Amino acid sequence: MRKLLLIALTAISTQAIAQVTNDGKMKIFVDALMKKMTLDEKIGQLNLPGAGDITTGQASNSNIAGQIREGKVGGLFNIKSVEKIRDVQRVAVEQSRLKIPLIFGMDVIHGYQTVFPIPLGLSCTWDMQAIERSARIAAIEASADGINWTFSPMVDISRDPRWGRVSEGNGEDPFLASAIAKAMVQGYQGKDLGAANTIMSCVKHYALYGAAEAGRDYNTTDMSRMRMYNDYFPPYKAAVDAGVGSVMASFNEVDGIPATANKWLMTDVLRKQWGFKGFVVTDYTGINEMVDHGLGNLQTVSSLALKAGIDMDMVGEGFLTTLKKSLQEGKVTLAQIDAACRRILEAKYKLGLFADPYRYCNEQRSKTEIFTTAPRNEARKIAAESFVLLKNQANTLPIRKSGTIALIGPLADAKENMPGTWSVAADFSKAIPVLQGLKEVAGDKAKILYAKGSNLVADSTYEKNATMFGKTLHRDQRSNEEMLREALAVANQSDVIVAALGESSEMSGESSSRTELGIPDVQQQLLKELLKTGKPVVLVLFTGRPLTLEWEEKNVPAILNVWFGGSEAGYAVADVLFGDVNPSGKLTATFPRNVGQVPIYYAHKNTGRPLAEGKWFEKFRSNYLDVPNDPLYPFGFGLSYSQFTYSDIKLSAASFRPGQSITASVTLTNNSKVAGKEVVQLYIRDLVGSVTRPVKELKGFEKVELKAGESRTVSFTINAETLKFYNYDLKYVAEPGDFNVFIGGNSRDVKEASFKLQ
Ligand code: NOJ
């Protein structure tokens, strides 16, 4: 034991010493470089333009090349291909005075060319290893194509599905989202950021972007600091704790000051409290937008951003065009400009760009390491794990690989829509739609018939806005009646109907807020007509957000929520429909009954007038006249082809003191004939606090695989750390007293026990 301890201590100190030596070397290098830099060159490093008009082989003729030669560019983003990146890097390191390499960023948020499910879908796997692997593969592919910096993970907590960007995050829960933030950062950055196949991660959008009022993108946010610290900050902090190299500021205001100019947020919390050492980049024109926020002209807002702790200006050129003047007028200091410049140079140093500016420009790798078989198979597996089975009446699913299957709906043969929002490096022509997936997986065992059935939505302008960036659904010019007629003819020849309906991929994501969250009009009509045939109908639901599905829940026998599964989506859908893969995804965002319930989330407070459980309405209680309080599908919910049962909770002790711990265990049994996976979830309620506490908070989870008939004990450790929260003084404390502990397969259906912290 002593020997082990010694070895561990030696290892720690060797690592620590190596870190100190590296930091020391970096400091010497950056100091020397900065001594040579003019003020303009320093300000140039803070500038991050978009790639603009660069075409292969033409980098030196592009508009941006002139600026790069003059040392006015620190990096570029969303430029794709190793050839172009090498060309541009050449301009920087061969034609600029100080030859400082550029950093190349991209929105690689759920895979590069091998695309994984949208982040909301990924989060529903509850599988941290799979999520880390997805980020690792994304980093390998992106770095093989010249990219060394990704604007991911996006970890904005959101409890409002009207906001389109819920698709890019990990849902409503800070505990789960923190675990995911860590997994993603580790996946991208690996153990050695200087290795050629790891990339720097940028956690975004700091902070509170997911709490936009009314779910309208870019809208105002306003909340108490206690809520920030307990519910919205944890995932950003988890990314910082995992060593994330950079942070992106959000567009919204925080406590009356836009995040981009918010010194409390950027310096006091991020750097002083959390110890963040990397650099902060704005979001796209985040500085300029503060003119519209009403904080002053471009010069004023640029100096506010720098003083708040922003280091890099994405696109808007506020820093580039005004900081020199602000320095002359005494509005900013040279030390502030130096600090920002130093952080950008340090990032480049950590990525190994000074040692080799072409480290990420390996044409050979770009040919052999992108969109290859093993990662694609991995993406297919992970996609299947992200699907959430919402309903499966009388074992409608899985369907047999036999007879005739009618595949109907505007999302059934929609290649371009499979990768999902923010899939900037995807090759849509190679994405697998459901039609292809079903045909290939069924082989010659079943006949697959197809009809589009309807457009996305009746209104063509709406459809145009919801199918941008080449993600067209090829709007059909036929009348609704004609399309329906064709669909019914196909349906009537089949044994089972698979209806691929829902949102297009650009109906969620940035600037895609919705006020009405149902399946769109013409698709609803199609679904109703398909049900009238009397054949079994399986709804394969595409969506980037929780939808309102009350009617569907009542009337459709089976609902499989497939989000946007990535480049291999169609195969994964077929794997689950045919039962080759048993679904195991669990919701990470509550599905409301209707939009009026929004914001709705499981970890709510009790209020002084809670409604008794199981009741719909009682006068003078906190409830609605027209719908019950509870959601349609709760957080953590998801069915399986297996049936799992939970024993009562066993506690190792009924109380403990700080410094001690107890375990809470259940025996999970797979009471079915099929092997399956279950996400066992642990929730805790702090019954009496110095401030009000949520009715339940996720504090642990484990995904377990059980064979048919198998039982397993699943145990969770509970200690004072598990019970901590930020109190009124924003101190992180565990308060002695009584707690309830819940364990179950979702946040609603749980076993319960109690314990005490002494
Ligand atoms: C704006 C988005 O808000 C952000 O998420 C993204 O990283 C940047 N644009 C760059 O594309």
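Comparing N555, T373, P161 along the charge dipole axis of the chain, the residue lying farthest to the positive side is T373, per the Cβ-charge model. Placing unit charges on the Cβ atoms only, positive for Lys and Arg and negative for Asp and Glu, gives the stretch 37-367 a dipole magnitude near 860 debye about its Cα centre.
Residues whose amide H comes within less than 5 Å of that of G700, counting only those at least five positions distant or on another chain, are L682 (H built at 1.01 Å from N in the peptide plane).
Axis angle, to the nearest 10 degrees, between helix 128-144 and the longest C-alpha principal axis of the chain: 50 degrees. Take every DSSP beta bridge whose two residues both sit in the stretch 173-314; close to 20 percent of them are antiparallel. Under the classification rounded if a/c is under 1.5, otherwise prolate if a/b is larger than b/c and oblate if not, where does the stretch 621-667 fall, given a ≥ b ≥ c as square roots of the Cα gyration tensor eigenvalues? Here the stretch 621-667 falls in the oblate category. Ranking S512, N582, V388 by how far each Cα lies toward the positive end of the dipole of the stretch 388-583 (charges on Cβ) leaves N582 at the top. Taking each of K191/K367; K182/K272; K72/K325; K204/K272; K25/K324 in turn, the alpha-carbon distance tops 23 angstrom for K191/K367; K25/K324. The charge dipole of the stretch 655-744, taken about its Cα centre with unit charges on the Cβ atoms of Lys, Arg (+1), Asp and Glu (-1) only, comes to about 200 debye.
For the stretch 37-367, a/c is not less than 1.5, where a ≥ b ≥ c are the root eigenvalues of the C-alpha gyration tensor, and a/b does not top b/c. That puts it in the oblate class. Note on the chain: dipole from Cβ charges, positive end direction compared against A734, M266, S652; the farthest Cα belongs to S652. Computed from the alpha carbon atoms alone, the convex hull of the chain holds 174 Å³ per residue.
Shape of the stretch 388-583 from its Cα gyration tensor (a ≥ b ≥ c, root eigenvalues): rounded if a/c is under 1.5, otherwise prolate when a/b > b/c, or oblate? It is rounded, given that a/c, with a ≥ b ≥ c, falls under 1.5. Note on Q129 and K99: the model spin-label points, each 7 Å out from Cα along the C-beta direction, lie 4.6 nm apart. Each label was represented as a point 7 Å from its Cα along the Cα-to-Cβ direction; for D292 and K35 these points are 4.6 nm apart. Taking the C-alpha atoms only, the angle from helix 318-328 to the longest principal axis of the chain is near 40 degrees.
Given a cut-off of under 8 Å on Cα pairs at least six residues apart, what relative contact order in percent is computed for the stretch 642-757?
Normalised by residue count, the contact order of the stretch 642-757 is 32 percent.
Using just the helices of the chain, give the 222 nm mean residue ellipticity in deg cm²/dmol: DSSP H runs with n ≥ 4 each add -39,500 (n - 2.57), and the total is spread over all residues, rounded to 500. Write out the running numbers ahead of the final one.
On the way: 20 runs with 228 residues, N = 758.
Helix-only estimate at 222 nm: -9000 deg cm²/dmol.
Of all DSSP-defined beta bridges confined to the chain, some 55% are antiparallel rather than parallel.
With the convex hull of its Cα atoms as the shape, the stretch 339-413 has an orientation-averaged projected area of 11.0 nm². Taking the square roots of five times each eigenvalue of the Cα gyration tensor of the stretch 518-610, the equivalent ellipsoid has semi-axes of 27, 19, 12 Å, listed largest first. The loop-placed chymotrypsin sites (Phe, Trp or Tyr not before Pro) in the stretch 383-473, going by DSSP, that have at most 14 neighbouring Cβ atoms within 10 Å of their Cβ come out as F469. Placing R0 at 60 angstrom, the Cβ-Cβ distance between N492 and M226 gives a FRET efficiency of 0.55 after rounding to 0.05.
Using a Förster distance of 35 angstrom, determine the FRET efficiency expected from the C-beta separation of H604 and Q525, and round it to 0.05.
E between H604 and Q525, to the nearest 0.05, is 0.50.
For the peptides 150-161, 363-374, 590-601, the ranking by packing is 150-161, 590-601, 363-374, with the highest mean count of neighbouring Cβ atoms within 10 Å listed first. Per residue, the average separation of C-alpha pairs within less than 8 Å and at least 6 apart gives the stretch 37-367 a relative contact order of 19 percent. Charge dipole of the chain (Cα centre as origin; +1 on each Lys and Arg Cβ, -1 on each Asp and Glu Cβ, all else neutral): 1680 debye, rounded to the nearest 20.
Note on surface exposure: D356, D749 rank D749, D356 by accessible area, highest first, 1.4 Å probe. Round to the nearest 0.05 the FRET efficiency obtained for E516 and F469 when R0 = 30 Å and r is the Cβ-Cβ distance. Result of the calculation: an efficiency of 0.85.
For the chain, averaging the sequence separation of C-alpha pairs within contact (under 8 Å, six or more residues apart) and dividing by the residue count gives a relative contact order of 13 percent.
Relative to its residue count, the stretch 642-757 spans a Cα convex hull of 86 Å³ per residue. Put the Cα centre of the stretch 58-132 next to the Cα centre of the stretch 540-574 and the gap is 33 Å.
Excluding V185 itself, calculate the net charge of residues whose Cβ lies under 13 Å from the Cβ of V185, where each Lys or Arg counts +1 and each Asp or Glu counts -1.
So the surrounding residues net to +3.
Give me the distance between the Cα centres of the stretch 660-716 and the stretch 386-444, rounded to whole Å. Measuring centre to centre over Cα atoms gives 32 Å. Phi-derived couplings, Karplus 6.51 cos²θ - 1.76 cosθ + 1.60 at θ = phi - 60°, listed residue by residue for the stretch 654-666: 8, 7, 7, 9, x, x, 9, 8, 10, 10, 10, 10, 9 Hz, with x used for Gly and Pro.
Relative to the dominant Cα principal axis of the chain, helix 2-36 is inclined by about 50°. Of F620, F116, the order by accessible heavy-atom surface (1.4 Å probe, DNA, RNA and ligands excluded), from most exposed downward, is F620, F116. Rolling a 1.4 angstrom probe over the protein heavy atoms with all chains in place gives the stretch 37-367 an accessible area of 30 Å² per residue.
At the listed q of 0.15, 0.16 Å⁻¹, the Debye profile of the stretch 269-353, built from one uniform point per Cα, gives log10 I(q)/I(0) equal to -0.55, -0.62. Each label was represented as a point 7 Å from its Cα along the Cα-to-Cβ direction; for T404 and Q758 these points are 7.3 nm apart.
Applying a DSSP loop filter and a limit of 16 other Cβ atoms within 10 Å to the trypsin sites (Lys or Arg not before Pro) in the stretch 618-653 leaves K619, R621. Per the 1.4 Å probe, what fraction of the accessible area of the stretch 216-344, in percent, lies on carbon and sulfur atoms? Ligands and nucleic acids excluded, carbon and sulfur reach 49 percent.
The values are calculated or read from the model by the stated rules, or taken from the named source; none is laboratory data. Note that this is a predicted model, so its numbers are computed, not measured. Glycine also receives a Cβ, built like all others from the backbone with ideal geometry; neighbour counts cover every protein chain displayed. Keep in mind that these areas ignore ligands, DNA and RNA; they rest on the heavy atoms of the full protein, side chains included. Shrake-Rupley method; radii C 1.70, N 1.55, O 1.52, S 1.80 Å.
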